[in-house]
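Visitor: One structure follows; several queries about it will come next.
The values are calculated or read from the model by the stated rules, or taken from the named source; none is laboratory data. Given the structure is predicted, the values throughout are model-derived calculations rather than measurements. No Cβ is skipped: glycine too gets one built from the backbone with ideal geometry, and neighbour counts run over all protein chains shown.
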Amino acid sequence: MTLSGALTLAVLLLALYCATDPFKHSAISDFPDFETYKIELSPWSDLPKERDRENLLQRSEIKFLNQVQGPESVAFDPLGRGPYTGVADGRILFWNGRSWTDFAYTSSNRSELCDPKPSPLSYLKVEHICGRPLGLRFDKKTGDLYIADAYLGLLKVGPEGGLATSLATEAEGVPLRFTNDLDMDEEGNVYFTDSSTKYQRSVSFYSSILPDIYAELSSRNFLQLVFSGEDSGRVLKYNPKTKETTVLVRNVQFANGLSLSKDGSFFLFCEGSLGRLRRYWLKGEKAGTSEVFAILPGFPDNVRTNEKGEFWVAIHCHRTMNNYVYALYPKLRKFLLKFPVSAKLQYLIHIGGWQHGVIAKYSPEGKLLQILEDSQGKVVRAISEVEERDGKLWMGSVLMPFMAVYNLA
């Protein structure tokens, strides 16, 4: 056989393997209905060129190592106490200045399944039981804490903590499957995101022992949402007076972080798959409409407003040529996802090979003001949220067992 013939045969065998995935080793083997969709990423010419060549985030202080597992959101109460954070076992913890104490929880099931484990990823099998609080916001007037739980929807707990009360689990007849982040206006209206109506946050490994409910369990995996690019994400509004939940924006590709402007005239929300911030107008002539606010250098998680009205955005990674090609050619993406490569490795390929922290600050007008990063992932490998407080940036991560604090001075 000639060399060209051998290469042709090898390509055909690889194509056959990927088409059938006989040994179920691919990242999408447990998702028979998995589909990929085109992601209309902005042209390279529109991306910010600024970089933090000094890797300033490497100067961050690691705090509470192995004391908090997966602290996604960071919040301070109206009296300035905290931080508070939601962790992987379903609790919301409070730092009292000396130690972490239990403040609240979202699920009434606090069995041994939810007991402390060695890493955030240790809870993936039981997140739907223990709860997974993501976005946290305090009502400055009442002291109530509002919680976006990935599985349990929108909840609220009083200033004394305890078991949170459910506020919303569906909108317009469609269940909340991946409640992610929230903020509220002065009238008490809560604006929040549901990342997907198809995929939940985590994957379960129970298929072999619980086949009867495998169809439901196998749909929980945020990586498949990332890989798919599907657009069932929503931005919603909960009215505390009528107790109604309405949909403000539909067809969002991975709706994620959300934060109101300082003057309350609009809020921003993250379009995770598109690498953009979008502005939704609440007041003025444009009320009820949305528009692109900023094109980001990478893919965002949460966004938070500081006292000056500026916006800090936590970014998973810089955009690469690899994920640009993946986005524009969904059939190629699906083909490559059928390689005998784990979801974790596919994700690392997607983000450029390794975890590395990036945050960006934007003006209320959408101008990029500052970028801070740890491009080598030496100190701050992953960031889910940035909260500016008293000249410091408090950074949480759903993937890390610590918080990081960067001194702006």
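Visitor: Is one or more of the residues making up region 270-292 hydroxyl-bearing (Ser, Thr, Tyr) and under 30 Å from Gly80 (Cβ atoms)?
Guide: yes
Visitor: If I ask for residues that are surrounded by 22 or more Cβ atoms within 10 Å (Cβ to Cβ) and not aliphatic (A, V, I, L, M), which ones from region 246-261 would you list?
Guide: Gln253, Phe254, Asn256, Gly257, Ser259, listed by residue number.
Visitor: Here's a follow-up. Select from region 133-172 the residues that are outside any loop (DSSP other than H, G, I, E, B) and either modelled with pLDDT under 95 or β-branched (Val, Ile, Thr) (or both) and list them in ascending order.
Guide: Across region 133-172, the qualifying residues are Ile147, Val157, Thr165.
Visitor: For the structure I just gave you, tell me whether Leu14 is surrounded by 10 or more Cβ atoms within 10 Å (Cβ to Cβ) and modelled with pLDDT under 90.
Guide: yes
Visitor: A follow-up question, please. Show the residue pairs meeting these rules: Cβ distance below 7 Å; 6+ apart or different chains; first residue within region 114-130 and in contact (Cβ under 8 Å) with a residue 24 or more places away in the chain and over 17 Å from Gln67 (Cβ atoms); second residue hydroxyl-bearing (Ser, Thr, Tyr) and in a helix (DSSP H, G or I).
Guide: Short answer, once both residue conditions are applied: Cys130/Tyr123.
Visitor: Being touching a residue at least 60 places away in the same chain (Cβ under 8 Å) and either surrounded by fewer than 18 Cβ atoms within 10 Å (Cβ to Cβ) or touching a strand residue (DSSP E or B) at 6+ places or on another chain (Cβ under 6 Å) (or both) is the filter here; which residues of region 220-239 pass it?
Guide: Residues satisfying the conditions are Arg220, Asp231, Arg234, Leu236, Tyr238.
Visitor: Would you say Trp95 is in contact with a Leu (Cβ under 6 Å, 6 or more places away or on another chain) and not aliphatic (A, V, I, L, M)?
Guide: no
Visitor: Right, something else. Looking at region 91-120, which of its residues are part of a helix (DSSP H, G or I), out of contact with any Ser or Thr (no Cβ under 9 Å at 6 or more places or on another chain) and closer than 22 Å to Thr179 by Cβ?
Guide: Correct list: Leu113 only.
Visitor: For region 121-132, name all the residues that are outside any helix (DSSP H, G or I) and not small (Gly, Ala, Ser).
Guide: Selection gives Arg132 alone.
Visitor: Identify all residues within region 173-225 that are of a type in the set (S, T, N, Q), modelled with pLDDT under 95 and outside any loop (DSSP other than H, G, I, E, B); write none if there are none.
Guide: Once the filter is applied, which keeps residues that are of a type in the set (S, T, N, Q), modelled with pLDDT under 95 and outside any loop (DSSP other than H, G, I, E, B), region 173-225 yields Gln200, Gln224.
Visitor: Still on this structure, please answer the following. Pick from region 262-320 the residues that are of a type in the set (D, E, K, R) and closer than 23 Å to Glu40 by Cβ: which of them is surrounded by the most Cβ atoms within 10 Å (Cβ to Cβ)?
Guide: Residue satisfying both the conditions and the ranking: Asp301.
Visitor: For residues in region 355-379 being under 18 Å from the mean Cα position of the chain (by Cα) and modelled with pLDDT under 95, which is surrounded by the most Cβ atoms within 10 Å (Cβ to Cβ)?
Guide: Of everything passing the filter in region 355-379, Gly357 is surrounded by the most Cβ atoms within 10 Å (Cβ to Cβ).
Visitor: Mind checking which residues of region 282-335 are closer than 21 Å to Lys367 by Cα, at pLDDT below 95 and charged (D, E, K, R)?
Guide: Residue satisfying the conditions is Arg319 alone.
Visitor: Scan (1) in contact with a strand residue (DSSP E or B) (Cβ under 8 Å, 6 or more places away or on another chain); (2) small (Gly, Ala, Ser); (3) surrounded by fewer than 17 Cβ atoms within 10 Å (Cβ to Cβ) for the single condition Ala104 breaks and write down its number.
Guide: Single failed check for Ala104: (3).
Visitor: List pairs: first in region 97-109 and farther than 9 Å from Cys130 by Cα, second of a type outside the set (A, V, I, L, M, F, W, C) and modelled with pLDDT of 95 or more, Cβ under 7 Å, 6+ apart or cross-chain?
Guide: Pairs found: Trp100/Gln67; Asp102/Arg91; Phe103/Tyr84; Phe103/Gly161; Ala104/Gly161; Ala104/Gly162.
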